Each structure stands twice: as structure tokens, then as C-alpha cells.
Amino acid sequence: MFHSLTGECTVSIIIPAKNEEANISKCLDAVCRQETAYRFEIIVIDSGSADATPAIVRQYSQVKLVEIQPEEFGHGKTRNLGASISSGDYTVFLNADAIPVDNHWLTRLLDPFSKNNGNKIAGVFSRHIPKQGCYLYMVRDIQATMPVSPQPIIRTSARALDFMIFSTVSCAIPRDVWLKYPFDNNIIIAEDQHWARHVLEKGFKIVYQPASMVYHSHNYSPRQLYEIKLKAARATGKFKNKLSAAVKGFVLITGGLIVKIIGDLGFILCKCPKTIPFSQKLKEILIAFKARTASFRGKYRGWLSREARKRGSEEAKKRRK
């Protein structure tokens, strides 16, 4: 189960998966090729795949497969399950469709802990590299939230409008931190943002490590984006009452949509390679417009929901204590 025997600490790599037969082999092959002094185990948690994902995982003798029912899955809940059955000093979470770019992904992901002697670092996350064929508006988002940087970027607080401060697509968390601050089992989506804000409020740091890279992106349809943003907004608890959500939320949504669309236009027309045909760029602009509209519409509907307002009220009470 464990790999290199020379390391002083152990690492548990937890990979949630469902219907990932197209990606799981690439992911596991890249993980198994890691050149590192750390000893690590690999645990795949499959939540009811209807394809060949479990059969493919069983071909890897060094990988432990844990199978749960689809209704048992939760983004926070399943990661907590993986951490609870693991044994490493560091818990690494990696999506099944996230492929480490090179053989140093793991070592570089863990570097900030050793180089800073921990120094109250609660989590480190990798840079995402868009996959081939990724929609251009999504390329822009990834580049904006995960920029190229010669050094790790350390975050000590979260701003109100930050929508991406941490990512469990590829990240590392010390086991002792997770034991004290596990993910919220009731979070439907965006468990990483909720967790990161919580640990930052407790005085910890979050580190973005651009030297650790994974290929990861999605070409979601407008309907899928609407559903994702709807669920994420319901989980954030941004506003504590309906009036605030309706008025302030509308202003934020309208302004955000305009800014995003203008930014997409500039990026696609001026900053993307000239080798991309103009007709393709026009197609990408239409894709971006539909995606942004669906995303912001889903977010606004989510903010207005009873679940979001209840969570917002609870969060406000916590801050007053």
C-alpha cells in the first residue's frame, strides 16, 4: 500500500470517483509514477459507478478501493470518510479527473509544509492547467484564479467577494488539522470554500502552490452550470434575509455578469492566440455568454433560497459570538 520507504512521514491520497472510466487510469498512473521521498497510500472511494471505474481500480494492486452507495456521497462527507480510514500524516485529496502534470506533483504540493515548518498552514492546493479543448472563458477563469507564480502564494484571510480560495481538486491537509477541522458533512457543494474560510478565521493560512500542477477543467453545459451554481449558492449563506438577498444579490449578480462578459470579450478577441480562427472565437463568445448567464442566474436563485438564508443567519450568529 505504501510506496517509497525512505520518507519520514506518510501521505494518504484520497481519490473520490464516480463514472470516471475515461480518467481513472490516467490519474492513477500519474500518481503511481511520482518521484518522491514520501511514503504514500492510495485510496479510491467509488460512489456507485455504473461504468468500469471499479473494475479498472481493482487492476491496481497498490490501490485500496472503497465502494459506497450513490446516496451516501457528499463532497465534504466523502472526503471526511476517506480521511477517517487513512493513516497518513498528510491527507491529499485528488479528483479522479485531475491528472498530475509531472512526477513531482506530490513533493511540490507538500513542500510548503516542510519549508515553513508547518507555520500554521492548514492546506495547500495545486495549480490547475486547462485540458485540451477547454472553453476559452473557462481558461480565463482558471488563469485568473490560479496564476503562474515563481513562489507559493500565502493567504491569511478571505475577502467577501472571493469565490475561489482553496480547491480540493488537488490539495494537501495535515491530518491533525483535519481532525480538528473536518469538512462540513452537510455541504452539498463548495465544501472546500466553506472549509477554507473557517480555518482562515481560526488564524491558519492557505497556500496556493503553482509548482504542483494538475490537468483539470470542465466544459459544462449552461444547464449543468445553473445547477452547480444554484447548489453552491444555497450552501454559502451569503445573505441572512430575503430582502438583502434580493436587493444586494441582484446588484452583485448584474454587476458581476457585465464585468465577466466584457472580460470574456477582451480575453477571447485580444489575448487568445491569433492562430484561433475568428469564427471559432465568435463561437466561444456565444458559449461564454450562455455559460455566464446560466451561472449567475443559478447563483441568484440559490441566494434567494430558504436554505441559503438559514445558513446566512447561522453564520451571522457565529460571527457575533
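Bear in mind these aren't lab numbers, they're just calculated from the coordinates by the rules spelled out. What you see is a predicted model; the values in this text were computed from it and never measured. Heads up, the Cβs are rebuilt from the backbone with ideal geometry, glycines too, and the neighbour counts pull from every protein chain shown.
Numbers for the structure displayed
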{"quantity": "Summed residue charge, Cβ within 14 Å of S87's Cβ, Lys/Arg positive, Asp/Glu negative", "calculated": "0"}
{"quantity": "Cβ charges +1 (Lys, Arg) and -1 (Asp, Glu), total dipole of the stretch 1-101, debye", "calculated": "120 debye"}
{"quantity": "Net charge over other residues, Cβ less than 11 angstrom from the Cβ of G263 (K, R count +1; D, E count -1)", "calculated": "+2"}
{"quantity": "Options P100, A158, P112, ranked by Cα towards positive dipole end of the chain, top entry (Cβ charges)", "calculated": "A158"}
{"quantity": "Rounded to the nearest 20 debye, dipole of the stretch 10-215 from Cβ charges on Lys, Arg, Asp, Glu", "calculated": "700 debye"}
{"quantity": "Label-point separation, S244 to R58 (7 Å along Cα→Cβ), nm", "calculated": "5.2 nm"}
{"quantity": "Of K242/K299; K115/K205; K64/K231; K26/K131, pairs whose Cα-Cα distance is over 22 Å", "calculated": "K64/K231"}
{"quantity": "Span-rule helices in the chain, defined as complete DSSP H runs reaching 27 Å or more along the axis (Cα) with Kyte mean at least -0.5", "calculated": "242-266, 278-304"}
{"quantity": "Peptides 207-219, 86-98, 46-58 ordered by average Cβ neighbours within 10 Å, highest first", "calculated": "86-98, 207-219, 46-58"}
{"quantity": "The chain - mean residue ellipticity at 222 nm from DSSP helices (-39,500 (n - 2.57) per run, n ≥ 4, rounded to 500)", "calculated": "-14500 deg cm²/dmol"}
{"quantity": "Fraction of beta bridges assigned by DSSP in the chain that are antiparallel (%, nearest 5)", "calculated": "30 percent"}
{"quantity": "For the stretch 107-158 versus the stretch 213-237, the gap between their alpha-carbon centres in whole angstrom", "calculated": "19 Å"}
{"quantity": "Among H194, H75, N23 the positive-end extreme of the charge dipole of the chain (Cβ point charges)", "calculated": "H194"}
